Amino acid sequence: MKHIVTIWGANFSSEEELEAFVETDYDDDGDALPSAFLAGIGCSWIDEDFQELHYFNNEDERKAFIEYLRLEYSPHEPFAEQLPAKIAETIQAYNSIILLYGNNSPYGAINDELFQIVEAGLPTGSLVVLLTSVGYESR
């Protein structure tokens, strides 16, 4: 099965501001509207069960997150193998990280738009930066 993990960086003044950025709003008819994050990356919908938010108050939290990515994040060894060696340096400029992940499961694609975003690129003016995209096959 093919998997993808996208790691997005941004800077916010608080964890609450980060959460508001990714929060789904609804119109008067109850239909979901894309969050500011989704609009910023050109995505119309994601399954929020496949999203993680990380806000760093200090350098120790950032280091713990890097360790989490390298050792605990995915049960699939190929993820850690594909994670860029300089990911710690890349993340250094951001106090907020958004992880989105998906796969092409035989039971239906999960967050299929992630594969398309990586191929098409980001709209200009986005508040978030795609730091890396890790694509891998599970064994």
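The values are calculated or read from the model by the stated rules, or taken from the named source; none is laboratory data. Just so it is clear, the model here is predicted, and its values are computed rather than measured. Because the Cβ atoms are built from the backbone with ideal geometry, glycine has one as well, and the counts that use them run over all protein chains shown. Note: accessible area is taken over every heavy atom of the protein model, side chains too, but ligands, DNA and RNA are not part of it. Shrake-Rupley method; radii C 1.70, N 1.55, O 1.52, S 1.80 Å.
Take Thr6 and tell me if it is open to solvent by less than 40 Å² (accessible area, probe 1.4 Å), touching a strand residue (DSSP E or B) at 6+ places or on another chain (Cβ under 6 Å), closer than 27 Å to Leu83 by Cβ and hydroxyl-bearing (Ser, Thr, Tyr). Yes: the conditions hold for Thr6. The combined condition, being at pLDDT below 85, open to solvent by 70 Å² or more (accessible area, probe 1.4 Å) and farther than 15 Å from Ser133 by Cβ, is not fulfilled by Glu19. Can you spot a residue in segment 26-34 that is surrounded by fewer than 18 Cβ atoms within 10 Å (Cβ to Cβ) and under 19 Å from Val128 (Cα atoms)? Yes, that holds for at least one residue.
Please verify whether Ala39 is at pLDDT below 90, in contact with a Ser or Thr (Cβ under 9 Å, 6 or more places away or on another chain) and open to solvent by 30 Å² or more (accessible area, probe 1.4 Å), treating the condition exactly as stated. Against the criterion (at pLDDT below 90, in contact with a Ser or Thr (Cβ under 9 Å, 6 or more places away or on another chain) and open to solvent by 30 Å² or more (accessible area, probe 1.4 Å)), Ala39 qualifies.
Residues that are open to solvent by 30 Å² or more (accessible area, probe 1.4 Å), outside any loop (DSSP other than H, G, I, E, B) and touching a Leu at 6+ places or on another chain (Cβ under 9 Å) within segment 70-86 comprise Arg70, Ala80, listed in sequence order. Candidates are the residues of segment 100-111 that are surrounded by fewer than 17 Cβ atoms within 10 Å (Cβ to Cβ) and modelled with pLDDT of 65 or more; the one that is nearest to Ser35 (Cα to Cα) is Asn104.
A single member of Glu89, Glu52, Glu67 is at pLDDT 90 or above, open to solvent by 30 Å² or more (accessible area, probe 1.4 Å) and outside any helix (DSSP H, G or I), and it is Glu52.
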